[in-house]
1. Can you pull out every residue in the range 10-35 that is in a loop (DSSP other than H, G, I, E, B), within 14 Å of PRO72 (Cα to Cα) and either open to solvent by 90 Å² or more (accessible area, probe 1.4 Å) or modelled with pLDDT of 80 or more (or both)?
2. Pick from the range 281-309 the residues that are surrounded by fewer than 19 Cβ atoms within 10 Å (Cβ to Cβ) and in contact with a helix residue (DSSP H, G or I) (Cβ under 7 Å, 6 or more places away or on another chain): which of them is nearest to SER262 (Cα to Cα)?
3. Considering each residue of the range 131-183, count those that are polar (S, T, N, Q) and either more than 21 Å from VAL249 (Cβ to Cβ) or open to solvent by 40 Å² or more (accessible area, probe 1.4 Å) (or both), and give that number.
4. If you take the residues in the range 36-53 that are part of a helix (DSSP H, G or I) and not charged (D, E, K, R), which one is surrounded by the most Cβ atoms within 10 Å (Cβ to Cβ)?
5. Any residue in the range 132-153 that is within 24 Å of TRP308 (Cβ to Cβ) and either without any contact (Cβ under 8 Å) to a residue 12 or more places away in the chain or polar (S, T, N, Q) (or both)?
6. Which members of the range 250-264 meet the condition of being under 16 Å from THR220 (Cβ atoms) and open to solvent by 20 Å² or more (accessible area, probe 1.4 Å)?
7. What are the pairs, 6+ residues apart or on separate chains, where a residue within the range 91-118 that is over 26 Å from VAL36 (Cα atoms) and open to solvent by 20 Å² or more (accessible area, probe 1.4 Å) has its Cβ under 9 Å from a residue that is among the polar types (S, T, N, Q) and assigned to a loop (DSSP other than H, G, I, E, B)?
8. All but one of (1) over 18 Å from the mean Cα position of the chain (by Cα); (2) part of a strand (DSSP E or B) hold for ALA251, so report the exception by its number.
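The values are calculated or read from the model by the stated rules, or taken from the named source; none is laboratory data. Just so it is clear, the model here is predicted, and its values are computed rather than measured. Counting neighbours? That spans all protein chains shown, and the Cβs are built from the backbone with ideal geometry, glycine included. All accessible areas refer to the heavy atoms of the entire protein, side chains included, with ligands and DNA or RNA removed. Shrake-Rupley method; radii C 1.70, N 1.55, O 1.52, S 1.80 Å.
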Amino acid sequence: MTNIPSQTSGVQLLEVSPELAGQRIDNFLRTQLKGVPKTLIYRILRKGEVRVNKGRIKPEYKLQAGDMVRVPPLRIAERDEPVPLAQGLLERLEAAILYEDKALMVINKPAGIAVHGGSGLSFGVIEALRQLRPECKELELVHRLDRDTSGLLMVAKKRSMLRHLHEQLRGDGVDKRYMALVRGRWDSGKKQVSAPLLKNTLRSGERMVEVTSDGKEALTLFRVLRRFGDFATLVEAKPVTGRTHQIRVHARHAGHGIAGDSKYGDEDFSREIRELGGKRLFLHAYALTVPLPDGAELKLEAPVDELWTSTLERLGG
């Protein structure tokens, strides 16, 4: 990519290099214009102030190699000066890195940390990792985890790895497994939940997902791992499709809300788990198998946190 001129106060012309071909214009701008709020990016797209090859485009326009993207003058803070994050958070995320090579990083994301800034949050995992690895100019999330979900999160350090993993995720190359503590006694014979999901946004701006016939096809495979009488069950969940909040909504649809889930769970059940010390969402991405570009296979498991472990010990006791 070339940038003519370099100052942020004037018009910018960004030439699309071959490795960025196929990327949506909104995602391209979010990557290139570090520090520019998403709301501003979508505003200049909506108003037609961003031009590609001198013509207007829509936010979903997919770039071609050699495209010239004109960005209007933007009145923002210096792009190269991110808000410094607390050292404690950076150290916590550094310690959470389970795997790293030249092209890929996998972390065991703690519960309660968003994967990226936005919706009132000034930072997330990706912003923190960019401060930890300033030399990695192409650091991008491969996929997402809900803020309150913990576990394995893949971050690409190179565009080629990002493309490879997106292809694998679109197919059936990546195997992701979660653990969830759910209400009641999950029947061992219930091995799958197939229910179409529709994403809605409420007036408050909160995103909710519901089972409805006009939703998108969604399938989750379940397996009982441990029982706590008739009160609770620890299950493994394997999402075959990748819909928003899929495991959480499918668990509720099956009659077994996840502990600590304020959107889709059972409040009485969650309160009893909290009284045992379980003040979190009990959903953890614990196992990952992914094929790498060189033909090797990466297999990882992420341990649960101390709070999860101690809560289950009390529950089992």
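1. Just the residues of the range 10-35 that are in a loop (DSSP other than H, G, I, E, B), to begin with: 10-11, 16-17, 21-23, 33-35.
Still in the running and within 14 Å of PRO72 (Cα to Cα): 10-11, 33.
Residues satisfying the conditions are VAL11, LEU33.
2. Going through the qualifying residues, I end up with PRO291.
3. The qualifying residues number 3.
4. It comes out as ILE41.
5. Yes, that holds for at least one residue.
6. Residues of the range 250-264 under 16 Å from THR220 (Cβ atoms): 250-258, 261, 264.
Within the range 250-264, ARG252, HIS253, ALA254, GLY255, HIS256 meet the criteria.
7. ALA111/THR149
8. Exception for ALA251: condition (2).
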